[in-house]
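Before any comments, here is the structure.
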Amino acid sequence: MKQYNIKLENLSFYAFHGCIPEENKIGGEYSIDLDMTINSSKCFDTDSVDHTVNYAKVSEIISEIMKKEKKIIESVANEIVDKILSTFSIVKKVSIVLSKLNPPISNKLDKVSVIITKEKS
């Protein structure tokens, strides 16, 4: 069995996450980098998307979760990781970097990010 990784980098979203009520009304920009470790070798023999992780489906899952208003980005990132692990049996590990761009704090800050990594036992 071979392992390989699929990365989705710099997915961009406009969403309404935050502790400040204004964030839930006006929203903000977010970016996501996702890395999945796949435990399968069938795709190398079959050249079929049926034997790997369809990254278009992964993108759809992330989009649906990003539409749900949450107070903290940790909750959003955790839900994304859990959903991907439960949806794709061949995904053994997921790491996500979810960044809130230009967060509303008093200091100049390009982004704040949360990183979550989980793997199946």
Only listed residue being part of a strand (DSSP E or B), open to solvent by 80 Å² or more (accessible area, probe 1.4 Å) and over 28 Å from Ile105 (Cα atoms), chosen from Lys57, Lys7: Lys7
Filtered residue count, segment 12-28, keeping only those that are surrounded by 14 or more Cβ atoms within 10 Å (Cβ to Cβ) and among the polar types (S, T, N, Q): 1
Qualifying positions in segment 85-121 - closer than 22 Å to Phe16 by Cβ and not in a strand (DSSP E or B): Asn102, Pro103, Pro104, Ile105, Ser106, Leu109, Asp110
Unique residue being on the phi < 0 side of the Ramachandran plot, in contact with a helix residue (DSSP H, G or I) (Cβ under 6 Å, 6 or more places away or on another chain), at pLDDT 95 or above and open to solvent by less than 80 Å² (accessible area, probe 1.4 Å) when the list is Lys92, Lys70, Lys83: Lys70
Any hit, segment 70-84, residues being among the hydroxyl-bearing types (Ser, Thr, Tyr), in contact with a Ser or Thr (Cβ under 7 Å, 6 or more places away or on another chain) and closer than 23 Å to Lys111 by Cβ: no
Selected residue [modelled with pLDDT under 95, of a type in the set (Ser, Thr, Tyr), out of contact with any Asp or Glu (no Cβ under 7 Å at 6 or more places or on another chain) and buried (at least 16 other Cβ atoms within 10 Å of the Cβ)] from Ser40, Ser31: Ser40
Pick from segment 14-31, criterion without any contact (Cβ under 8 Å) to a residue 40 or more places away in the chain and not charged (D, E, K, R), ranking: nearest to Ser99 (Cα to Cα): Tyr14
Qualifying positions in segment 68-84 - in a helix (DSSP H, G or I) and of a type in the set (A, V, I, L, M, F, W, C): Ile73, Val76, Ala77, Ile80, Val81, Ile84
Number of positions in segment 43-54 that are among the acidic types (Asp, Glu) and open to solvent by less than 40 Å² (accessible area, probe 1.4 Å): 0
Residue list for segment 50-81, filter: among the polar types (S, T, N, Q) and in contact with a strand residue (DSSP E or B) (Cβ under 8 Å, 6 or more places away or on another chain): Thr52, Ser59, Ser63, Asn78
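The values are calculated or read from the model by the stated rules, or taken from the named source; none is laboratory data. The model shown is predicted, which means the values in this text are computed figures rather than measured ones. Every residue, glycine among them, receives a Cβ derived from its backbone with ideal geometry; neighbour counts consider all protein chains shown. The accessibility values were calculated without ligands, DNA or RNA, using every heavy atom of the protein model including side chains. Shrake-Rupley method; radii C 1.70, N 1.55, O 1.52, S 1.80 Å.
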